[in-house]
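Following: one structure in structure tokens, then a few remarks.
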Amino acid sequence: MLYFPQLSTGAVGQYPIQKRRLSRTVINEASDGARHKLADSNAAAVEWSLNFQTLTDDERDALTRFHGSVEGQWGDFTFLDPTDNLLCWSEKLDDAVWERNLLLTVTTGVADPQGGTNANRISNTGAGPLAIQQVVNGPGWYEYAFSLQARSDQAQQLTLIRSTATASQSSVYEIGPDWMPILLSGKFAGTDPSVTFGIQLQPGGSADLFAIQVEAQIGASGYKKTLSNCGVYPNARFLDDDLTIQADGPSQHSCQIRIHTRA
């Protein structure tokens, strides 16, 4: 699988980024004049316009090689949306996309720090540490930021874990009655095609979680709620066969890249 490359900063794109969703409505007009409308889901698509500035020679070469490797508009690649959350069902931890032991229970509809009831409570009823986790089908060697807000009625430890088939990173955080933002970021070497992000509790522990998010960048940005879809697009394509890169100075380059995928 081919993946759209990250810049040396760990970012996939530079702001401002233009993103638009395309849809089509089919209209059937009957002989009596009645009109029936139906959304054509097969025509739904998403497009991005990425404007890059101050690219180094190495970044320019990486984009040029990648564009050539998929032969312009011809080949598919995986694109990790820099404006979205890479996790699905970010506020529904009892969904099947979240893997967990049955001794780790999930309660939805818990009060969140924004005054709503969109947080989740996880409780470890087992005799050992247990985690809830989700697999992101993105390259293991990318830079990722795994962030969330957490609290607990009693002071305790919460562990964030980022792992692939060949590497693992974890960090322990002390949480208490106040909502606290926590972040685990970094990158691995290797060629693993997916990354697992997990939240681990000690035996008897319980924690409220909100704004759970993974992004392909070095730090966390504003929270984006997701449902069944997230920011991983495995069938993206370039909209242009040509890639024009302008030289603005020594190791200073700029270009515009347009990407399209089915929604």
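The residues listed here are TYR233, TYR223; of these, the one that is at pLDDT 95 or above, among the aromatic types (Phe, Trp, Tyr) and crowded, with 19+ Cβ neighbours inside 10 Å is TYR233. Is it the case that ALA216 is under 30 Å from GLY115 (Cα atoms), crowded, with 19+ Cβ neighbours inside 10 Å, outside the structural domain of TRP48 (by TED's automatic domain parsing) and in contact with a Phe, Trp or Tyr (Cβ under 9 Å, 6 or more places away or on another chain)? Judged against the criteria, ALA216 is a match.
Table: residues versus (1) within 17 Å of PRO5 (Cα to Cα); (2) part of a loop (DSSP other than H, G, I, E, B); (3) small (Gly, Ala, Ser).
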position	(1), (2), (3)
GLU47	no, no, no
ASN51	yes, no, no
GLU59	yes, no, no
GLU71	yes, yes, no
ASP84	yes, yes, no
CYS88	no, yes, no
THR105	no, no, no
ALA131	no, no, yes
PRO139	yes, yes, no
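Summed over segment 1-17, the residues that are over 21 Å from GLY68 (Cα atoms) and loosely packed, with under 15 Cβ neighbours inside 10 Å give a count of 4. Each residue in segment 160-178 was checked for being touching a residue at least 24 places away in the same chain (Cβ under 8 Å), closer than 30 Å to GLY109 by Cβ and surrounded by fewer than 17 Cβ atoms within 10 Å (Cβ to Cβ), and 4 pass. Within segment 86-106, restricting attention to residues that are over 17 Å from the mean Cα position of the chain (by Cα) and among the polar types (S, T, N, Q), which residue is nearest to GLN156 (Cα to Cα)? So the residue we want is THR105. Taking the conditions exactly as written (out of contact with any Ser or Thr (no Cβ under 7 Å at 6 or more places or on another chain) and in a strand (DSSP E or B)), does HIS36 satisfy them or not? Yes; evaluated as a whole, the condition is true for this residue.
In segment 107-129, which residue that is in a strand (DSSP E or B) and surrounded by fewer than 20 Cβ atoms within 10 Å (Cβ to Cβ) is farthest from the chain's Cα centre (by Cα)? Result: SER123. Count of segment 1-33 residues, restricted to those that are touching a residue at least 60 places away in the same chain (Cβ under 8 Å) and part of a strand (DSSP E or B), is 5.
The values are calculated or read from the model by the stated rules, or taken from the named source; none is laboratory data. Since we're looking at a predicted model, the values are computed, not measured. Cβ sites come from the backbone with ideal geometry, for glycine too, and all protein chains shown count toward neighbours.
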